[in-house]
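First up is the structure itself, then whatever we jot down about it.
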Amino acid sequence: MHNNLNHLLSSINEYERAIGYTFKDKNNAILALTHSSYANENRHEKLTSNERLEFLGDAVLNIIISESIYKRYSGLDEGEMTKIRANIVCEASLVQCANKIELGKYLLLGKGEEMTGGRNRISILSDAFEALIGAIYLDGGMKSARKFIHSQMKQLLEDSLKGNIFMDYKSQLQEYVQKDGEKKITYEIIEQKGPDHNKVFVSQVKIVDKVMGQGEGKSKKEAEQNAAKSAIGKFN
C-alpha cells in the first residue's frame, strides 16, 4: 500500500495512468490524495489536507453534470434535472467511480485511519474523488475537468436517465463488504403494506446474519435497493 509520501511520489505515473490525466504540477496530484489524518500526523512535510480541494471539486462536478443534463436532454424540466443530478453526484455513485480507478490504494492516510480501514471507507473515497476533480480543474482548467468527469461518469449519467441508478446500491454494498473476504449478504422481505394496487414492500439486508439496513419500495427490487442504501450509510 502507498502509505507514505515517498511511495506515492514513486507511483505518481501509475496514478496518472489510472485516472487518465497527467498533472502539470504534481503538487496538485498529491494534494488531492492527502487526507487530514496524514497531514496532521506528518506536519514536517507541510502538506495541506484535501478538504478545501474537495469543496472546489464538488462545485465543479455539479456545474459540469448540470451542463451535461441541460445540453443533452432538452425535454426535462427543472425538477427532473435536479433529481438526475442528485443521483449522479451522490456518495454511492462517487465511491463507485473512485473504486473504478482504485483511488483508495493511492491515498495518504494517517496510521490510525490506515489501521481502521480508511482506504475502503465510503466517505473518504467519495471526498477524495471530489478532491481529484478539484485538482484537475486547478491544474488543467474546466476543459480538463469536463473531460475527466465525462470519461468517468458517462455510464452513471446514462443509467440515471434510464432510472437504473439505484441498481448501484446492492453491487456497491457487496463490493464494500467483501473487500476483506467473502461475507454472506442476504435480503429478505419482512413486511407488505397497503392494498394490492398500491402495495409497499419492506426489505431488510443482513451481513453475516446481522441486520444492517431496511428499506421500502413499490417493488421487492426497489425495497432491496433501499435496504442496501441504508446499510451503506452505516459504514460512513
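None of the figures in this text is laboratory data; all of them are computed from the coordinates on show. Note that this is a predicted model, so its numbers are computed, not measured. Neighbour counts are summed over all protein chains in view; Cβ atoms, including those assigned to glycine, are modelled from backbone coordinates with ideal geometry.
Overview of values
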item	result
All aspartates and glutamates inside 13 Å of K193 as judged from Cα atoms, apart from same-chain residues fewer than 8 positions distant	E216
Test item: Cα-centred dipole of the chain, Lys/Arg +1 and Asp/Glu -1 on Cβ, debye	260
Pairs of lysine residues in the range 33-155 - Cα separation under 18 Å, sequence separation of 8 or more or cross-chain	9
Helix 168-177 vs. the chain, principal-axis angle (Cα, 0 to 90°, nearest 10)	60
Anisotropy class of the chain from Cα gyration tensor, a/c 1.5 cut	oblate
R0 of 45 Å, Cβ-Cβ distance K220-E102: FRET efficiency to nearest 0.05	0.85
Pairwise FRET efficiency - S66 versus L9, Cβ, R0 = 35 Å, nearest 0.05	0.45
Residue of D127, D196, D77 that the Gaussian network model of the chain assigns the largest fluctuation, springs spanning Cα pairs under 10 Å	D196
Alpha-carbon centroid distance for the pair the range 37-82 / the range 126-158, whole angstrom	8
Mean Cα-pair separation over length for the range 172-234, i.e. relative contact order, pairs under 8 Å, 6 or more apart, %	26
Karplus 3J(HN,Hα) series, Hz, for the range 120-129 with 6.51 cos²θ - 1.76 cosθ + 1.60 (x for Gly, Pro)	10, 6, 4, 5, 5, 5, 5, 5, 5, 5
Residue-by-residue Karplus 3J(HN,Hα) for the range 144-149, coefficients 6.51, -1.76, 1.60, Hz, glycine and proline x	5, 5, 4, 4, 5, 4
